[in-house]
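Before any comments, here is the structure.
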Amino acid sequence: MSDNVFDILNERGFVAQVTDEEALRKKFATEQVTFYIGFDGTADSLHAGSLVTIMAMMHLQKAGHRPLGLIGGGTTMIGDPSGKTELRQMLTQEAIEANGRSLHAQLNHYLNFDGGDAIPENNATWLLELNYVTFLRDIGRHFSVNRMLSAEAYKQRLERGLNFIEFNYQILQAYDYLELYRRYGCTLQMGGDDQWGNILAGVDLIRRVEGVTVQALTYPLLTTASGAKMGKTATGAVWLDKEKLNSYDYYQYWVNCDDRDVEKLLKTFTFLPLDEIQRLVALQGAEIREAKRVLAYEATVITHGEAEAHKAAETAQAAFSSGTSSNDLSGMPSTNIVSSRLEAGVGVLEIFTETGLTKSNGEARRLLKQGGVYVNDTRITDVHAALSLADLSGTEILLRAGKKKYHRLIVE
RNA sequence: GGAGGGUUGCCCGAGUGGCUAAAGGGGGCUGACUGUAAAUCAGCUGGCUAUGCCUUCGGCGGUUCGAAUCCGUCACCCUCCA
């Protein structure tokens, strides 16, 4: 370990706040640190927002430390008030458990629970069977309500109303840290900067109960240059699950990023060396697209693997670079259609909606009127236009909505 | 438990009997310009078997020729009092 992992994290922009930088550096340099990050169990797939966390874990793991992926199966039943203005929607226990399993399977892809020494955990294991009175005696007495109330996270909620159940969230998260310290010797918790208060509560609790000083590190909450949260688009979250978002669209998400975000994204979501990133970011004007392609490729490799990333890149190249002869569109989303339907003629509006390019016939009609409907790269202007066998090029028809959304219609 | 205020389209928010598929903003989409970027400009932004029809203003029921708008009731949220 010539370079301290702390520096790697720091250089790449993963560090917002640390409890004790010197102590943490020393730990990283001298021992294997078991660290944990909690994942909320409200969905059955992680999205690009969680990637920051995952990348941080991977960096530490590469440096020889031991990641502990904690699914908040128990805490999800409560809801974290931090950064939210409303009570989180309650999920059934069954749904939360199912989500937990999916999330662990996903994390396994990045952290390798099976082969390596990474540890999957779920706080439902200890939280669900807590005895209320015992918990109050042993843990509750260490928490000062005064201090909790003065925390920024609660202040805002106090204006609007804070449910008792949510008020307990921090205590439970603190307790998680204690449990993980006891069970696995976990001495570092990381998380988004909005978790700082909750994480510190755990650090305090461990000091009071065990007399041991453990560490906390948060990374900045990433937003795009236009102010949106990472991993969310208007059409939905950027899921990491291939079933929910195919590799091509995933690749496209990264390629379409804002120029101003490229450097940050490369540092955070790829493992490329910093000097390479500097070289890419130095590109000017349209050349910056090269940096975006690298970003998209690298990011897709990490999540979907090299083969998928390669296919996505080829497909994007074929679709967007008119000069090239590459015709590999295999990565593009597609829909099958029986040839008899084409023989009879299928309305363009109908087919756009059927493939999901538009959500309704009305939307398709609107799109067409505005000049955003293309078939085989030719703009369609007639609302009543229909596709027939004559539109086939090979065994497929290329549909496009607007400038960027492609879809292949494959005849079987 | 008592008194009052609120619940409108993806989000915020105006509307307090017909001119309301519902102002305005945000977001999104399309087009132009470009570099699959940003900024800017213009248009669009409930559904359909579409010069018309249907559904939408928390749920249900009522008054009315006509209701997001009035009445009743239920649900949820907020504020003040306990």
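Applying the Karplus relation 6.51 cos²θ - 1.76 cosθ + 1.60 with θ = phi - 60° to the range A:241-247 yields 3J(HN,Hα) values of 6, 4, 5, 8, 8, 5, 4 Hz, where x marks Gly and Pro. When each of the peptides A:110-117, A:362-369 is scored by the mean number of other C-beta atoms lying within 10 Å of its residues, the order from highest to lowest reads A:362-369, A:110-117.
Sorted ascending by nearby beta carbons within 10 Å, beginning with the fewest, A:Glu343, A:Glu179 become A:Glu343, A:Glu179. Ranked by the mean number of other Cβ atoms within 10 Å of their residues, highest first, the peptides A:135-141, A:261-267 come out as A:261-267, A:135-141. A simple rule links phi to the HN-Hα coupling: the Karplus curve 6.51 cos²θ - 1.76 cosθ + 1.60 with θ = phi - 60°, which for the range A:46-58 gives 7, 10, 4, x, 6, 5, 3, 4, 5, 4, 4, 5, 5 Hz, with x for Gly and Pro.
When both the range A:90-142 and the range A:328-373 are represented by their alpha-carbon centers, they are found 44 Å apart. Within the shell defined by Cβ-Cβ distances under 11 Å, the residues around A:Val238 carry a net charge of +1, with Lys and Arg each +1 and Asp and Glu each -1. Taking amide hydrogens as placed 1.01 Å from N in the peptide plane, the amide H of A:Ser334 sits under 5 Å from those of A:Arg408, each at least 5 positions away in sequence or on another chain.
Listed by chain and number, the aspartates and glutamates whose alpha-carbon sits under 19 Å from that of A:Lys26, ignoring those within fewer than 8 places in the same chain, are A:Asp3, A:Asp7, A:Glu11. Evaluating 6.51 cos²θ - 1.76 cosθ + 1.60 at θ = phi - 60° for every residue in the range A:97-112, the Karplus couplings come out as 5, 4, 4, x, 5, 4, 5, 4, 4, 5, 5, 4, 4, 8, 10, 6 Hz, glycine and proline recorded as x.
Per-peptide packing, taken as the mean over residues of other Cβ atoms within 10 Å, places A:146-152, A:292-298 in the sequence A:292-298, A:146-152 from highest down. Checking the cross-link pairs A:Lys62/A:Lys229; A:Lys229/A:Lys267; A:Lys292/A:Lys405; A:Lys244/A:Lys267 against a 20 Å limit on the alpha carbon distance flags A:Lys62/A:Lys229; A:Lys244/A:Lys267 as lying beyond it.
Assign one of three labels to the range A:246-322, namely rounded, prolate or oblate, based on the Cα gyration tensor with a ≥ b ≥ c the square roots of its eigenvalues; rounded applies when a/c is under 1.5, prolate when it is not and a/b is larger than b/c, and oblate otherwise. It is oblate, given that a/c is not under 1.5 and a/b is not larger than b/c.
The residues neighbouring A:Ile337, those whose beta-carbon lies less than 12 Å from its own, together hold a net charge of -4 under the Lys/Arg +1, Asp/Glu -1 convention.
Taking other residues whose beta carbon is less than 14 angstrom from the beta carbon of A:Asp249, and scoring Lys, Arg as +1 and Asp, Glu as -1, yields +3. From least to most packed, judged by other beta carbons within 10 angstrom and beginning with the fewest, A:His109, A:His304 follow the order A:His109, A:His304. Using bins of 10 Å that start at zero, the share of Cα-Cα pairs per bin across the range A:5-219 amounts to 8, 35, 39, 17, 1, in whole %.
Ranked by how many other Cβ atoms sit within 10 Å of their own Cβ, fewest first, the residues A:Cys257, A:Cys186 fall in the order A:Cys257, A:Cys186. Return the whole-Å distance between the Cα centroid of the range A:16-55 and the Cα centroid of the range A:56-72. Answer, in whole Å: 6. Each principal axis of the Cα cloud of chain A was evaluated for its coordinate range; sorted largest first, these ranges are 78, 47, 40 Å. Using C-alpha pairs under 8 Å with a sequence gap of at least 6, the mean separation divided by the residue count of chain A gives a relative contact order of 14 percent.
Since every read-out is calculated from the coordinates, none of them should be taken as a lab result. This is a predicted model, so every value here is computed, not measured. Backbone-built Cβ (ideal geometry, glycine too); neighbour counts: all protein chains shown.
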